[in-house]
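The structure appears right after this line, and notes come after that.
FYI, it's all coordinate maths here, none of it is from the lab. On a predicted model such as this, the values are computed, not experimentally measured, just so you know. Cβ coordinates were reconstructed from backbone atoms using ideal geometry, including for glycine residues, and neighbour counts include every protein chain displayed.
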Amino acid sequence: MKLYYAPGACSLAVHIVLREASLPVELVKVDLASKTTDDGRNYLTLNPKGYVPTLLLDDGQALTEVSVLLQYIADQSPEAGLLPAPGTLERYRALEWIGFIATEIHKGFGPLWSPATPELTRQAALDTLARRFYFVERQLDAAEYLTGSRFAAPDAYAFTVLNWTGYLKVDLERWPNIRAFLGRVAARPRVREALKAEGLA
């Protein structure tokens, strides 16, 4: 398999889960500005959406979207325990977290990346994210990870997007459980490997 990624982007969640699942993968960096890849492709021919991640399977098919790729990878290596068994309520609880992260946190950061975003719009986005952060904070009152005591696929996704607060200078002082969570995940050996491979550590 090949993972097409950009350092620190949402593709990092997929990269982490691939390493946690001990699945062999070749990393291919994407220049999102020029839409070219380190292996010489026009990225748009692989993923016309133009953003990362894309996972190129061994049979040549491409899969996209973080929420789908996390499930696909977890199902390739069920012994890694990255998602509960299909059909169980625990599985749906984990998918509930992935959906929440994708729609309420990941996309919530959108306005903060552009310097052209008006200040009122930026502040509204920060206020909405703060409410989402409080929801995560309360969940982490009772558990080390989003679905309990064991690291799982939703944690890789949460770790990736919540770390954007550092790039965007969003202070996490109000959310000590989130700060502790980020530290716990960052200390995992496979997470450190992923960060190093992307030049982030």
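Quick one: if the Förster radius is 22 Å, what FRET efficiency do residue 184 and residue 91 give, using the C-beta to C-beta distance and rounding to 0.05?
0.45
For segment 89-188, build the convex hull from the C-alpha positions and give me its volume per residue in Å³. All intermediate terms of the calculation are to be shown ahead of the outcome.
Numbers: hull volume 9.1 nm³, N = 100.
Convex hull of Cα atoms, per residue: 91 Å³.
For segment 15-54, what is one quarter of the convex hull surface built on the Cα atoms, given in nm²? Intermediate results must be reported in sequence, preceding the final value.
On the way: hull surface 11.9 nm².
Convex hull of Cα atoms, orientation-averaged projection: 3.0 nm².
If you restrict to DSSP beta bridges whose two residues both lie in the chain, what percentage is antiparallel, to the nearest 5? Provide the component values of the computation, followed by the final result.
Details: 10 of 14 bridges.
Rounded to the nearest five, the antiparallel share is 70 percent.
Using only the C-alpha atoms of segment 1-91, find the volume of their convex hull and express it per residue in Å³.
Values: hull volume 8.9 nm³, N = 91.
Convex hull of Cα atoms, per residue: 98 Å³.
Could you work out the helix-only [θ] at 222 nm for the chain, with each DSSP H run of four or more residues adding -39,500 (n - 2.57) and the total divided by the number of residues, to the nearest 500 deg cm²/dmol? Provide the component values of the computation, followed by the final result.
Details: 9 runs with 92 residues, N = 201.
Helices in the chain give a 222 nm mean residue ellipticity of -13500 deg cm²/dmol.
Residue by residue, what Karplus-based ³J(HN,Hα) values in Hz, rounded to whole numbers, does segment 43-51 have, using 6.51, -1.76 and 1.60 with θ = phi - 60° and x for Gly and Pro?
These are the phi-based 3J(HN,Hα) values: 4, 5, 6, 8, 9, x, 5, x, 10 Hz.
May I ask you to give the average projected area over all directions of the convex hull of the Cα atoms of segment 105-144, in nm² rounded to one decimal?
Values: hull surface 12.0 nm².
For the Cα atoms of segment 105-144, the hull's average projected area reads 3.0 nm².
What is the fewest-to-most order of 151, 133 by other Cβ atoms lying within 10 Å of their Cβ? Provide the component values of the computation, followed by the final result.
Working: 151 24, 133 20.
With the sparsest Cβ surroundings first, the list reads 133, 151.
Considering the chain as a Gaussian network with a 10 Å cut-off on Cα pairs, which listed residue, 116, 94, 130, attains the greatest mean-square fluctuation?
Looking only at 116, 94, 130, the biggest GNM fluctuation is shown by 116.
Report the gain in length on full extension from residue 116 to residue 193: 0.36 nm times residue separation, minus Cα-Cα distance, nm rounded to one decimal. Write down the numbers at each step before the final one.
Numbers: separation 77, 0.36 × 77 = 27.72 nm, distance 3.48 nm.
Result for the pair: 24.2 nm of gain on full extension.
Based solely on C-alpha atoms, express the radius of gyration and the Dmax of segment 48-139 in angstrom.
So, for segment 48-139, Rg and Dmax equal 16.6, 48 Å respectively.
Starting from the exponent 0.38 and prefactor 2.2 Å, build the expected Rg for the chain from its residue count and divide its actual Cα Rg by it.
Against the compact-globule rule of thumb, the ratio is 1.01.
How much length, in nm to one decimal, is gained on full extension between residue 131 and residue 58, taken as 0.36 nm per residue of separation minus their Cα-Cα distance?
Working: separation 73, 0.36 × 73 = 26.28 nm, distance 4.12 nm.
Length difference between fully extended and current span is 22.2 nm.
Can you flag which of 29/196; 29/49; 169/196 are past 18 Å Cα-Cα?
On the way: 29/196 14 Å; 29/49 16 Å; 169/196 22 Å.
Result: 169/196 exceed 18 Å.
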